[in-house]
Amino acid sequence: EKGGYEHFMLKEIYEQPSVIKDTYRGRLHANEGIIQMSGVEDNLEKFMNAERIIIIACGTSWHAGLVAEYVFEEFTRIPVEVEYASEFRYRNPIITAKDVVIAISQSGETADTMAAIKLAKEKGAFVYGVCNVVGSSISRETHAGSHTHAGPEIGVASTKAFTTQITVLTMIALRLAKAKGTMSNTDFHRYLLELELIPEKVKEALDTNDKAKEIAAVFKNSNNCLYLGRGYNFPVALEGALKLKEISYIHAEGYPAAEMKHGPIALIDKYMPVVVIAPKLGHYDKIVSNIQEIKSRSGIIIAVVTKGDTQVRELADYVIEIPETSDALSPLITTIPLQLLSYHIAVMRGCNVDQPRNLAKSVTVE
Ligand code: F6R
């Protein structure tokens, strides 16, 4: 049932090209220039009138929410806030009937997310669910929603749920951008075509597996690791660090690259591997100077770069090449080698990859 893979996690990483396709199938019609999701169509007025979107989630789903914040604000110009479900409910949040709340949950059973949804409903907000498990508590409790079609995710560390969540959220943002007129028709069509190409590019990104394994062998005994990214790839840095922590038990932190100089740079020495997400289209020059700052303090750079990159290659100790896509869609690609890197490090350390210590697949306690 692991389909020939050694672990569920690896199988699920490799399923991403097909489940991303499953997630946009019937919804994305790139050639016709149409995005159609029944949950959004049926509630278009609510989304159109939203003064604010509040995204609530936990863990990896929260990271997908952070990516969505950047995408929604850029595409739709609706202000977005992303909150940990647990913090949201314990701080008497300001929320009204003019807010749209999007709750993201793979399992649809996370207790903190559920409680936050109930609170938002009490305050009169319209609550939209993005869940993977059909018939789950959260998909029933929300007013409407769109499922991700990732299929069962067995590995405790979330992988394909993350990329399919981003796929759904990006489609919602595009649909609203079209309705609101906040994106030009040309850009809209371009994004639709780009999105349709993502599964092929994810497949290509999976070819970094051997490279990830080679790098994993070098760093498997590290005690710490930093992950840096900017813009759309800042949440990917957080997610990369979470994956490493969860399954390999190596302490890891994700940071927006520019925050380095405000503290974490003190940690840099020749024993500190720093994974830098540095695609060509995302604040590239800024990232290059962040890399220089780390190099001049003897840090070791593992860079995720766009195929054909030369500038970062000269500075980095290790490079992982991924195919190019637009900046806003790049998290769907950049996250792939980071999943593989964590996976191989954990396997080499002899960790139980599919069932890491102390973790459960759905966290049904508050
Ligand atoms: C990370 C992970 C957890 C979950 C979090 C939310 O790999 O598995 O951080 O993302 O517990 O779970 P869901 O999405 O089911 O609400």
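In this view, the solvent-accessible surface of LYS180, computed with a 1.4 Å probe and all protein chains in place, comes to about 70 Å².
In the assembled protein chains, ASP207 presents an accessible area of approximately 120 Å² (probe radius 1.4 Å).
The gain in end-to-end length when the LYS270 to ARG313 segment is fully stretched comes to 13.6 nm, 0.36 nm per residue minus the alpha carbon separation. Of ASP210, ASP317, the residue with the largest accessible area leads and the full order is ASP210, ASP317 (1.4 Å probe).
For CYS225, the solvent-accessible surface with a 1.4 Å probe is about 10 Å², rounded to the nearest 10.
Straightening the chain between GLU259 and LEU359 buys 33.0 nm, computed as 0.36 nm per residue apart minus the Cα-Cα spacing. In degrees, nearest 10, range 0 to 90: what is the angle between the Cα axis of helix 111-122 and the longest Cα principal axis of the chain? That helix lies at roughly 30 degrees to the long axis. Mark the label point 7 Å from the Cα of LYS180 along Cα→Cβ and return the residues of the range 92-123 whose backbone N is within less than 15 Å of it. Flagged as within label range: 98-102. Looking at the chain alone, DSSP beta bridges between its own residues are antiparallel in about 5 percent of cases. For a test of the definition: using alpha carbon positions, the gyration tensor, and the 1.5 limit on a/c, classify the range 229-366 as rounded, prolate or oblate. Prolate, since a/c reaches 1.5 and a/b exceeds b/c.
Compared with the dominant principal axis of the Cα atoms in the chain, helix 331-348 is inclined by about 50°. Is the range 86-166 best put as rounded, prolate or oblate by its Cα gyration tensor, with a ≥ b ≥ c the root eigenvalues, rounded for a/c under 1.5, and otherwise prolate when a/b is larger than b/c, oblate when not? Prolate. For the residues ILE154, ILE20, a 1.4 Å probe over the protein chains yields an accessible-area ranking, largest first, of ILE154, ILE20. Going by accessible surface with a 1.4 Å probe and the largest first, ARG175, ARG91, ARG349 read ARG91, ARG349, ARG175. The HN-Hα couplings worked out from phi for the range 303-320 by the Karplus form 6.51 cos²θ - 1.76 cosθ + 1.60 (θ = phi - 60°) are 10, 9, 10, 6, 3, x, 4, 10, 5, 5, 3, 5, 8, 7, 7, 9, 10, 10 Hz, whole numbers, x standing for Gly and Pro. Approximating the spin labels as points 7 Å out from Cα along Cα→Cβ, the HIS29-to-LYS220 distance works out to 5.1 nm.
Bridgeable aspartates and glutamates around LYS46 (alpha carbons under 13 Å apart, same-chain partners fewer than 8 residues away excluded): ASP99.
The angle between the Cα long axis of helix 234-248 and the main principal axis of the chain comes to about 70°, on a 0 to 90 degree scale. Rolling a 1.4 Å probe over the protein heavy atoms of the range 92-195, with every protein chain left in place, gives an accessible area that is 53 percent carbon and sulfur. Quotient of the Cα radius of gyration of the range 30-89 and 2.2 N^0.38 Å, N being its number of residues: 1.27. Helix-only arithmetic for the chain: the sum of -39500 (n - 2.57) across DSSP H runs with n ≥ 4, divided by the residue total, places the mean residue ellipticity at 222 nm at -14000 deg cm²/dmol.
Applying 0.36 nm per residue to the separation of HIS189 and LYS2 and subtracting their alpha-carbon distance, the gain on full extension is 63.6 nm. Average accessible surface for the chain: 40 Å² per residue, computed with a 1.4 Å probe over protein heavy atoms with every protein chain in place.
Shown for the range 249-358: the carbon plus sulfur share of the solvent-accessible area, taken with all protein chains present and a 1.4 angstrom probe, equals 48%.
Electrostatic tally near GLU73: other residues with Cβ closer than 12 Å to its Cβ, Lys and Arg +1, Asp and Glu -1, net -1. If you look at the Cα atoms of the chain, you get an Rg and a Dmax of 19.6, 56 Å. Listed cross-link partners LYS213/LYS243; LYS121/LYS178; LYS11/LYS160; LYS21/LYS203; LYS11/LYS211 are compared with a 21 Å cut-off, the Cα-Cα value being larger for LYS121/LYS178. Beyond 22 Å in Cα-Cα separation lie the following of the pairs LYS201/LYS261; LYS201/LYS286; LYS98/LYS180: LYS201/LYS261; LYS201/LYS286.
Based on the Kirkwood approach, the hydrodynamic radius assigned to the range 192-295 is 14.8 Å, with every pair of different Cα atoms included.
The values are calculated or read from the model by the stated rules, or taken from the named source; none is laboratory data. These figures come from a predicted structure and were not determined experimentally. Counting neighbours? That spans all protein chains shown, and the Cβs are built from the backbone with ideal geometry, glycine included. Protein only, heavy atoms only, side chains kept; ligands, DNA and RNA dropped before computing areas. Shrake-Rupley method; radii C 1.70, N 1.55, O 1.52, S 1.80 Å.
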